[in-house]
Amino acid sequence: MINDQNQKHVSWGITAFAVIAAALFFSFVLEHLGPITVFLGKLVDILMPVIYGAVMAFLMAPTYQLVSTLVAGWLRPGNAAKTPVSKAANMPEGKAVMAKFRGGSSTKFFTEAERLRKEKNAERIGKMVATFTCIIVILAVLTALIAMLIPQLISGVSDLTNSLPKGANSVSGWIQILFQGKNPELEEMVLEGYGQISDTLAHWISADFMPNLNKYLTQMTSGVMRLFVVLKNFFIGLIVMAYGLNMKEALAAQSKRILYALLPRRVANEVVSELRYVKWVFSSFIVGKIIDSVIIGIICYICMSFMKMPYALLISVFVGVTNVIPFFGPFVGAIPSAFILLMVSPITTLQFLVFILVLQQFDGNILGPRILGSTTGMSSFWVLFSILFFGGLWGIVGMVVGIPTFAVLTRLSERALAHFLRRKKLPVAEECYDNLDRIDEEDGSFRYESKGKKH
C-alpha cells in the first residue's frame, strides 16, 4: 500500500514537473518569437538547396524506381538453377550455381560469389542510369518550358501593350452593341464605370509607372539577382536529389534503427506505420495532381488551338500550372488569362470562360477522381477548409500540400480518439453516436432519441 502511494506521488510529481516545464518553454517561445522566427527563416534560406533536392527526389522517386528496376533486371544474370553435385563440389567458392544463357548452346557455371557480384553490378548500373535519367528529365522539362514560354511571354506582353488602347475601344464598342439602345440608363452606367477603370489605368501608366521606371528597373535587377539565387539553389538541389535517390534505402534504415533504439517496440512500430501512410498520401496526391495538371494543360492547348484562340500555349501552360492548386486552381489560371483575351476579343473571352468551366467540371468529376482515386477520403467541406487554412499559413505551397497534410492530421486525431474511447470501453464506430441522447452513468448503456423525444 505504501509503495502504491509512493508511486502515485512520484507519478503526480513527474506530471506536474512536465506541465511546468512545458509552460515555461511555451512562455519562452512567446517572449522570443521574433528572434526565433528570424533564426528559422535564416535556417530555411541556408537549407533551401537541400529542400529543393528533397522535393525533386520525392517527385522523381517513382521514375527512379522504375528505371533502376528495369535496367537492373535486364542486366541481371539468368535465374539460378540446380547444379549437379559432381561438378559443383570441387569449386573453390563452395556451392556453385548454374545459369543458362540464351543464344548459345553452352552451359556456364559460376560460383555464388560471382553471381552476387554480377547482381550488385547490375543494381549499381541500374541506379546510375536511373539517376542520370531523373536529372535529364528535370532539365528537359525546365528547358522546354523556358523555350516555349519566354518567346510567348515577350510577344504576348508586346502585343498586349500595343493592343491596349485598341482593346479598350473594342470593349467599349462591344458594350454598346450588347445593349443596342434597349436600356440607355444601364448602358450609360456600365460605360461610365468602364471609362473610369480605363482612365485610372491610363493615368497610372502615365503618372506612376513611367516616372518610376528607374525604380522598377532597380527592383527588376534585384529580382534578377534573386533569380540567380534560385538557379543556384536549383542546381545544387539536383546534386542533393542524386544523393537522396541513391541513399533513400540507407536513410530509411538508419531512421528505423534510431527509432527502435530510442522508443519502445510498440511505439516504434506505430511511428513507422504512420510514416509509411504519410509517404503514401503525399506521393499519391502530389504526383497524381501533377499528372492530372499536365493532362489538363495538354487538353487546354489542343482545344484552344482547335478553336483558334490567341496565346494558346502561354495560357495552357498557365492553366496547367495553376491547376496543381486544388479547387481554386482553375479560377486562379482563368482570371488573368481571360483578362489577356479581353484585350483581343470579348467574344473570345466568353468562349474561353465557358471552355474553362467545362474543363474544370471534366477534371473535377472524371479525370481527377480516376487519377487521384480516394487518396484522402475527405469530404468536400474539409477539402475546402484545409485549402483555406494551410493556404493562409503557407501561401501557394500550403494550398498545394494542405489536403494531404490535413488528411494525415485527421488520421492521427482519429487514432488518438479511438485509443481514448477504447480505454473508456466505448465503441469507436461513428454510427453508434448517431442520434445519441446520453450514456447511462450506471450501466453505460446508450440512450437514443426517438421521434424527437428523449428517453
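The values are calculated or read from the model by the stated rules, or taken from the named source; none is laboratory data. Computed from a prediction, not measured in an experiment: that's the story for all the values here. Ideal geometry is used to build each Cβ from the backbone, glycine not excepted, and the neighbour counts take in all protein chains shown. For accessibility, only protein heavy atoms count, side chains too; no ligands or nucleic acids. Shrake-Rupley method; radii C 1.70, N 1.55, O 1.52, S 1.80 Å.
Here are some notes:
- Members of segment 354-372 that are crowded, with 16+ Cβ neighbours inside 10 Å and closer than 13 Å to C303 by Cα: F355, I356, L359
Residue-wise test of (1) free of Cβ contacts under 8 Å to residues at least 24 places away in the same chain; (2) buried (at least 16 other Cβ atoms within 10 Å of the Cβ); (3) over 24 Å from G126 (Cα atoms).
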site	(1), (2), (3)
L245	no, yes, no
A250	yes, no, no
I258	yes, no, yes
L262	yes, no, yes
N269	yes, no, yes
S273	yes, no, yes
K279	yes, no, no
F282	no, yes, yes
K289	no, yes, yes
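- Any hit, segment 73-94, residues being at pLDDT 85 or above, in a helix (DSSP H, G or I) and open to solvent by 60 Å² or more (accessible area, probe 1.4 Å): yes
- Hey, T405 under 23 Å from I298 (Cα atoms) and open to solvent by less than 40 Å² (accessible area, probe 1.4 Å) or not: no
- Only one of the numbered conditions (1) more than 26 Å from A54 (Cβ to Cβ); (2) open to solvent by 40 Å² or more (accessible area, probe 1.4 Å); (3) in a helix (DSSP H, G or I) is violated by S337, and that is (2).
- Unique residue being open to solvent by less than 70 Å² (accessible area, probe 1.4 Å), under 24 Å from M56 (Cα atoms), part of a helix (DSSP H, G or I) and of a type in the set (A, V, I, L, M) when the list is V332, V319: V319
- So L350, is it more than 23 Å from I291 (Cα to Cα), open to solvent by 20 Å² or more (accessible area, probe 1.4 Å) and not polar (S, T, N, Q): yes
- In segment 23-66, the residues that are polar (S, T, N, Q) and either modelled with pLDDT of 75 or more or under 22 Å from the mean Cα position of the chain (by Cα) (or both): T63, Q65
- Residue match in segment 282-290 (condition: outside any helix (DSSP H, G or I), within 24 Å of M60 (Cβ to Cβ) and not charged (D, E, K, R)): no
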